[in-house]
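Here's the structure, in C-alpha cells; my notes come after.
Bear in mind that the values in this text are calculations on the coordinates, not laboratory data. Predicted, not measured: the structure shown is a model, and the values here were computed from it. Note that each Cβ is placed from the backbone with ideal geometry, even for glycine, and that neighbours are counted across all protein chains shown.
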Amino acid sequence: MLTNLIIISGVLLVVAVVAATLLAFRREDRTRVALEEARAAGLDRPASLHPVIDNDACIGSGACLKACPESVLGRAGGKTHLVHATDCIGHGRCQAACPVEAITLVFGTAERGVDIPLLRAGYETNVDGILIAGELGGMGLIRNAMTQGLKAVETIPRILERPGVAEPDEEVPDVCIVGGGPAGIAAALACSEKKLRYVLLEQWSLGGSVTHYPRRKLVFTERITLPIVGPFGKPEMLKEELVAEFERILLQADITLLEGRRVTGVSGRAGDFRIAVDTAEGPEEYRARTVLLAIGRRGTPRRLEVPGADLPHVVYRLLDPEQYRHRKVLCVGGGDSSVEAALSLSRVAGCEVHLSYRGEALFRCRKKNRDAFAERVAEGKIRPHFGTNVARIAPDQVVLRHDDGREETLAIDDVVVNIGGLLPTPFLESMGIAVETKFGEAAGPPPSAPGAA
C-alpha cells in the first residue's frame, strides 16, 4: 500500500513538473510571437520613460513581471523583455522589484530622442534654486508627478541654508510654485506640512493640463498618501471626479490657488527670484526665495504648419464632443489624446469621424485605446487614414498627402489636432536652464542624495 502511494505521488509530481515546464515554454512562445508582431507593426518603440533590461544581469526571477500592472513585460529564453512597449507608462515598479538591479529606466531610444531639462539630485535644475517636478521633467502619470512634487519640496530647506542665500524676508515666500496640476498641488501640501511659505500660480484653472481633457475622459492613476489630506486617487477616475478631488484637497488643506496667472519669465538668484506674470488685468510681479516649475509639457500644443492651420475651425483640444453633432470631423495624431478624441466623437449622434496619422499603426497609445479604436473602425464609426499627413486645410475640406505622394481630399467641417506638446525650451533657456536630448539614456540622478544641497 505504501509502495503504491509512493509510486502514485511520484507520477503526479512528474506530471506536475512536465505540465509546468510545458506551460512555461508555451508562455515563452507567446512572448516571442508577440515580440515579432510588435516589431512588424512598429509597436516596439516606447513613447515615454521605459525600462531597458540588461539580459546579461537578468536572472529571470519574474519579480518585474509580477510588479508591472500594465503587463508590458514578457519572458523568452529565460530572460525578461519589453514586449508591449507602447503600453508602458513609465511608473518604474519593475525597476524597484528587480532583485539584481538589471533594469534601468531611460528616456527616448537610439532612434527617437526626447528633450529633457537637466536635473540634479533633489529635482533641482542646473540653476541654483529653480526646481522642476512632474511631466516637464519627462515623467508622466499623476502619481509620479505628485511624488516628485513632494520630494522636490524636501530640497528647498537645504537650498535656503546654503551660504550666500539671502536671509528670510517675511514678505517673500520660500517658494513660488508654478502650475496648479498634480505636481503643484502636492508641492503646496508639502509646503503646508513643513511650514514653508509659498505662492501657487496657475495660468488656466485648478488641475492644469487636466482641465483640457475631454469631458468625461477616463483618467488612470494610482493611490498615493498625501500630507494633511491622506489617501488620494484610484485606478480609474473620470476627469470630473479628478477635478472634484483637487477641489476637496484645496478646501481641506486651506490652499490658495491664484488662477489666470501665466508666468512669462523668472530672474534673480537663489534667495531672491522675481517672477514675471501676465494676467487678464495686466502684468504682475511676484518674489520668492526659490521657484518650483510644475507646468507639464502640454501647455503649448504642437501646431500644424500647413496652409489653413490658423483657420477658426482648427482646434488643439477637444473639450465637449457634443458640440460636433452632425459634423464631419478630422482628428490628427496617433497618440492617446487623438485616439480618445476620435473615440469620444464616434459616440456623438451624426458625427462623421476621420483620423489621420503619419504612421502605419497606432503604436503611441495604450492597448485599451487601440482595441477600442479597432472596434469602432470595424463598426464603421471611425475612418482611419494611416500613412498620411495633412497637406492643407480649407474652410470645408482637408487635403491629406499619402506616403507615396498622392493626395486625397476629404469633406471636413472641423479639425481636432493632438500631435503632442512642445517643451517650453525658450522659456526654460531664458532662465538659464539647460535642456538635453536623451537617446535611450538613464532617467538621471536619484531624487535625493546625501549632500545634494
Which whole-Hz couplings ³J(HN,Hα) result when phi for each residue of region 221-234 is put into the Karplus expression 6.51 cos²θ - 1.76 cosθ + 1.60, θ = phi - 60°, listed in order with x for Gly and Pro? 8, 9, 5, 9, 9, 9, x, 6, 9, x, x, 9, x, 7
On a straight-distance basis, which lysines could pair with Lys79 in a cross-link, Cα separation under 30 angstrom, same-chain partners fewer than 8 positions away excluded? Lys66, Lys367, Lys368, Lys438
Count neighbours as other Cβ atoms within 10 Å of each site's Cβ, and list the GluC sites (Glu not before Pro) in region 91-128 that are DSSP loop with at most 15 such neighbours. Glu101, Glu111
Simple spin-label model, 7 Å along Cα-to-Cβ: Leu311 to Lys367 in nm? 4.0 nm
Classify region 314-417: rounded, prolate or oblate, from the alpha-carbon gyration tensor (a ≥ b ≥ c, eigenvalue square roots; a/c under 1.5 rounded; otherwise prolate if a/b is larger than b/c)? oblate
At 7 Å along the Cα-to-beta-carbon direction for both Ala280 and Asp396, put a label point, then send me their distance in nm to one decimal. 3.6 nm
What are the ³J(HN,Hα) values, in whole Hz, obtained from phi via the Karplus relation 6.51 cos²θ - 1.76 cosθ + 1.60 with θ = phi - 60°, for each residue of region 197-212 in sequence order, with x given for Gly and Pro? 7, 9, 10, 10, 10, 9, 6, 10, 9, 3, x, x, 4, 4, 5, 8
Which FRET efficiency value, to the nearest 0.05, is calculated for Arg347 and Glu429 with the Förster distance at 41 angstrom and r the Cβ-Cβ distance? 0.45
Three-way shape call for region 142-240 based on the alpha-carbon gyration tensor, with the a/c threshold at 1.5: prolate
Qualifying GluC sites (Glu not before Pro) in region 314-380, DSSP loop, other Cβ atoms within 10 Å at most 13: Glu360, Glu379
Where nothing but the Cβ of Lys and Arg (+1) and of Asp and Glu (-1) is charged, how large is the charge dipole of region 314-417 around its Cα centre, in debye to the nearest 20? 260 debye
Per residue of region 244-255, in order, report the coupling 6.51 cos²θ - 1.76 cosθ + 1.60 (Karplus, θ = phi - 60°) as ³J(HN,Hα) in whole Hz, putting x for Gly and Pro. 4, 5, 4, 4, 4, 4, 4, 5, 5, 9, 6, 8
Among Gly387, Gly334, Val399 the positive-end extreme of the charge dipole of region 314-417 (Cβ point charges): Gly334
Between Leu292 and residues 5 or more places away or on another chain, the pairs with built amide H atoms under 5 Å apart involve Leu131, Cys176, Ile177, Val178
